[in-house]
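Take a look at the structure below.
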Amino acid sequence: MASQATLDRLFAEFDSPHELIAAAVTMLEQRATPAFLARYRRHELGNLPEERLHALAERLHVLSELEQR
C-alpha cells in the first residue's frame, strides 16, 4: 500500500480530485493495468484518460522504488 507521503506527492503532481487518485492507486496496487482501468473502471475513476492513468502508474512506481531505498 502506498504511504501517505507517496499519496500526498501524487495529489500535488496530478490535478485530479484526491479521491480519484487514491482509488486509482489502490487499483493499480492490486495489479490492474491502466488500460483496464480506463476501459472497465472509468465510472469509478471519473473518466480519467488512459494517458493520465499511465502517467500515474509510472510515477507511483518511481515513488515506491524511492521509498524502498
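Read-outs throughout are calculated quantities, based only on the coordinates presented, and are distinct from any laboratory measurement. Because the structure is predicted, anything quoted here is derived from the model rather than measured. Quick reminder, even Gly has a Cβ in these numbers, built from the backbone with ideal geometry, and neighbours come from all protein chains shown.
Of note:
- Among the GluC sites (Glu not before Pro) within the chain, those in coil by DSSP and having at most 16 neighbouring Cβ atoms inside 10 Å are GLU44.
- Sequence-ordered 3J(HN,Hα) estimates for region 9-16 from the Karplus curve with 6.51, -1.76 and 1.60 and θ = phi - 60° stand at 5, 5, 4, 6, 7, 10, 8, 7 Hz, glycine and proline given as x.
- Nearest-0.05 FRET efficiency for GLU67 and THR33, computed from C-beta distance (R0 25 Å): 0.70
- Rounded to the nearest 500, the 222 nm mean residue ellipticity of the chain from helices alone is -21500 deg cm²/dmol, with -39,500 (n - 2.57) taken per DSSP H run of at least 4 residues.
- Here the Kirkwood formula puts the hydrodynamic radius of the chain at 11.8 Å, using every distinct Cα pair.
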